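Below: one structure, written as structure tokens.
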Amino acid sequence: MAVRPPAPAGGRIFTPGPDDPGFGIYVHWPFCAAKCPYCDFNSHVRHVAIDQQRYAAAFKAELAHMAQRSSSSRVTSVFLGGGTPSLMEPATVEAILSAISQFWTIEDGAEITLEANPTSVEAERFRGYRAAGVNRVSLGVQALNNPDLKRLGRMHDVAQALQAIELARDIFPRLSFDLIYARPDQRPDDWALELNRAIDLAADHLSLYQLTIEEGTPFYSLHRAGKLIVPDGETSAELYELTGNITAERGLPAYEISNHSVPGAESRHNLTYWRYGLYAGVGPGAHGRLPGAGGRRHATANERHPESWLAMVENAGSGCVVDEPLSDHDQAEEMLLMGLRLKEGIDVQRWSELSGRDFEPETESMLAGLGMIERVGNRRLRATPAGMLVLDTVLAHLA
């Protein structure tokens, strides 16, 4: 099955540019059917039915609150993340998207993404999500062999993943799916075969993440006890380079450290983050970047516990617990952290305006001499492929 170019939704696809990153809305659905042992996201398992109408009303109330904070009258992307958003009924998704259109103008061709798990029950809801306005789905496939799916705590098997991918290709104009690599006992040859199979299945976008051991997760405890062995740094670097080489050869080159696409099919919503645009975060644990007094952006964060967030919104219209102005240094550091993940790099002049300073010539020359960074024309600076492998070190020097 060949990789296909992105299909426009509603006649065209809105594409944010480096000088206009757009304005996005992130909506967090915090519930999962089970907690994966590697996951440190704000996700919660409930063994009673969720009152989705009540949560939909709370999302609408918080969206109204965020609309008052927003300086933008238009939305260029919406991302329904989690948790497991595909546990939402299509009517809940429709209510959320209707509320967004009530408070903002949704740009013609805006990207509307929903994360989904590829179980057969959730896949049956795809047509309902498409009718509600979703035009891009992101599937949490994670592996294409059953033993690793079981080890990762996933509830689906390969057959269900393949069925969900096929259905999503038929229903949605755009499709992405995730895979995790650098898994225990994974060899480069095995990953090459799995990755090529994934590209055969892909539509126009793949997110390929190295397994990270996050503190507070079951995998962290197993790893500390020596019961979970992951590839060492040298093997992980080999897997990363192999990933970049294969995806480039197959027509889905990396445009960000972990994201690969047919040119023109990049995730518009994530580009808003990486190009340091503004966005509203709605729902339990959601983060945002919104304008504040004097043009300085504010970092916002919501109450993480779902029921506590719900009570706060019903009482006060918002579950926000953090609303802090960012200093020039904070803004410049965030822009650097986000922008150097991109193949296109950062706008040096914009970074200087945020930070109030220029890059130190000695530091830039040293990193360039080591082959870690490079200038692109007179305006942009980016990490090289070698720099991407040690990006934390590059960031520490530049910041």
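The values are calculated or read from the model by the stated rules, or taken from the named source; none is laboratory data. Everything quoted here is computed from the prediction, not taken from an experiment. Note that each Cβ is placed from the backbone with ideal geometry, even for glycine, and that neighbours are counted across all protein chains shown. With ligands, DNA and RNA removed, areas are computed over all heavy atoms of the protein, side chains included. Shrake-Rupley method; radii C 1.70, N 1.55, O 1.52, S 1.80 Å.
Take His260 and decide whether it is of a type outside the set (A, V, I, L, M), out of contact with any Phe, Trp or Tyr (no Cβ under 6 Å at 6 or more places or on another chain) and assigned to a strand (DSSP E or B). Give the steps one after another, and end with the answer.
Numbers: of a type outside the set (A, V, I, L, M): yes; out of contact with any Phe, Trp or Tyr (no Cβ under 6 Å at 6 or more places or on another chain): yes; assigned to a strand (DSSP E or B): yes.
Against the criterion (of a type outside the set (A, V, I, L, M), out of contact with any Phe, Trp or Tyr (no Cβ under 6 Å at 6 or more places or on another chain) and assigned to a strand (DSSP E or B)), His260 qualifies.
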Answer from Ala248, Ala182, Ala254, Ala202 - the residue that is open to solvent by less than 10 Å² (accessible area, probe 1.4 Å) and under 30 Å from Gly109 (Cα atoms): Ala202
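Filter the stretch 277-288 for residues that are in contact with a Lys or Arg (Cβ under 9 Å, 6 or more places away or on another chain) and either closer than 25 Å to Gln142 by Cβ or without any contact (Cβ under 8 Å) to a residue 40 or more places away in the chain (or both) and give the result.
Scanning the stretch 277-288 gives Gly281, Pro284, Gly285.
Can you find, within the stretch 43-78, the residue that is modelled with the lowest pLDDT among those that are in a loop (DSSP other than H, G, I, E, B) and touching a strand residue (DSSP E or B) at 6+ places or on another chain (Cβ under 7 Å)? Break it down stepwise before answering.
Taking the stretch 43-78 and keeping what is in a loop (DSSP other than H, G, I, E, B), we get 43, 46-51, 70-73.
Next cut, touching a strand residue (DSSP E or B) at 6+ places or on another chain (Cβ under 7 Å) only: 43, 46, 50, 70-73.
Working: Ser43: 89, Arg46: 93, Ile50: 96, Ser70: 88, Ser71: 80, Ser72: 83, Ser73: 87.
That would be Ser71.
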Tell me, which helices (runs of 4 or more DSSP H) lie completely within the stretch 352-399 with 2 or more residues that are among the small types (Gly, Ala, Ser)? 361-369, 385-389
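Among Thr384, Thr363, Thr300, which is the only one that is over 24 Å from Thr272 (Cα atoms) and among the β-branched types (Val, Ile, Thr)?
Numbers: Thr384 fails: over 24 Å from Thr272 (Cα atoms); Thr300 fails: over 24 Å from Thr272 (Cα atoms).
Criteria check complete, one pass: Thr363.
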Among the residues of the stretch 262-276, which ones are over 19 Å from Val78 (Cα atoms) and in contact (Cβ under 8 Å) with a residue 40 or more places away in the chain? Val262
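This table checks each residue for (1) crowded, with 20+ Cβ neighbours inside 10 Å; (2) under 30 Å from Ile373 (Cα atoms).
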position: Val282; (1), (2): yes, no
position: Ala301; (1), (2): no, no
position: Pro306; (1), (2): yes, no
position: Glu314; (1), (2): no, no
position: His329; (1), (2): no, yes
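If a residue must be open to solvent by 40 Å² or more (accessible area, probe 1.4 Å) and in contact (Cβ under 8 Å) with a residue 40 or more places away in the chain, how many such residues does the stretch 335-349 contain?
First, pick out the residues of the stretch 335-349 that are open to solvent by 40 Å² or more (accessible area, probe 1.4 Å): 337-338, 341, 343-344, 349.
Going one step further and asking which of them are in contact (Cβ under 8 Å) with a residue 40 or more places away in the chain, we end up with 337-338, 341, 343-344.
Residues meeting the conditions: 5.
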Given (1) part of a loop (DSSP other than H, G, I, E, B); (2) touching a strand residue (DSSP E or B) at 6+ places or on another chain (Cβ under 9 Å); (3) farther than 24 Å from Ser267 by Cα, Gly153 misses just (2)
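Quick grid of which residues meet (1) open to solvent by less than 10 Å² (accessible area, probe 1.4 Å); (2) closer than 30 Å to Gly264 by Cα; (3) without any contact (Cβ under 8 Å) to a residue 40 or more places away in the chain:
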residue	(1), (2), (3)
Phe41	no, yes, no
Asp51	no, no, yes
Ala58	yes, no, no
Gln68	no, no, yes
Arg74	no, yes, no
Ser77	yes, yes, no
Ile100	yes, yes, no
Arg127	no, yes, no
Asn135	no, yes, no
